[in-house]
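Asks: I am attaching a structure below and will ask some questions about it afterwards.
The values are calculated or read from the model by the stated rules, or taken from the named source; none is laboratory data. These numbers come from a predicted model, not from an experiment. Backbone-built Cβ (ideal geometry, glycine too); neighbour counts: all protein chains shown.
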């Protein structure tokens, strides 16, 4: 049996606009139509004003590394060939309270282990790129 990457499910109706936008290489964040606050992860109700109405405006796709970890073996078998690799948390410039997780890559089509983890710095500017893995397009990051 071939080992597979663990990928997000695409059946979640609340997150579908996010994944549809990623497939189109756009970064869109759910925004309350009532109070205007952005929220991630997507959900049916605004936690601040309780509105059930939301929009999905595009954001610039720029941010800063807020945190990161470096995964080392032992790992799930599907990830072992990429170890050690980084996982970054990025605070978006459009709204630093919105943080997205991905890999910091050396180039848009590079593998997750393409950056020397010792060179990653908290606060360094990054921009979004999109990586297709099976039937999912994931937001990842490159240095800005």
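Asks: On the given criteria, is residue 46 modelled with pLDDT of 95 or more and surrounded by 14 or more Cβ atoms within 10 Å (Cβ to Cβ)?
Replies: On the way: modelled with pLDDT of 95 or more: yes; surrounded by 14 or more Cβ atoms within 10 Å (Cβ to Cβ): yes.
Taking the combined requirement at face value, the residue satisfies it.
Asks: In the set 129, 87, which member is in a strand (DSSP E or B), without any contact (Cβ under 8 Å) to a residue 40 or more places away in the chain and closer than 18 Å to residue 21 by Cα?
Replies: Details: 87 fails: closer than 18 Å to residue 21 by Cα.
So the residue among 129, 87 that is in a strand (DSSP E or B), without any contact (Cβ under 8 Å) to a residue 40 or more places away in the chain and closer than 18 Å to residue 21 by Cα is 129.
Asks: Does residue 109 count as under 16 Å from residue 141 (Cβ atoms), modelled with pLDDT under 95 and in a loop (DSSP other than H, G, I, E, B)? Please lay out each step first, then the result.
Replies: Numbers: under 16 Å from residue 141 (Cβ atoms): yes; modelled with pLDDT under 95: yes; in a loop (DSSP other than H, G, I, E, B): yes.
Taking the combined requirement at face value, the residue satisfies it.
Residue-by-condition table, conditions (1) crowded, with 17+ Cβ neighbours inside 10 Å; (2) over 30 Å from residue 84 (Cβ atoms); (3) in contact with a helix residue (DSSP H, G or I) (Cβ under 7 Å, 6 or more places away or on another chain); (4) in contact (Cβ under 8 Å) with a residue 60 or more places away in the chain:
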residue: 7; (1), (2), (3), (4): no, no, no, yes
residue: 18; (1), (2), (3), (4): yes, no, no, no
residue: 25; (1), (2), (3), (4): no, no, no, yes
residue: 31; (1), (2), (3), (4): yes, yes, no, no
residue: 37; (1), (2), (3), (4): no, yes, no, no
residue: 42; (1), (2), (3), (4): yes, yes, yes, no
residue: 53; (1), (2), (3), (4): no, yes, no, no
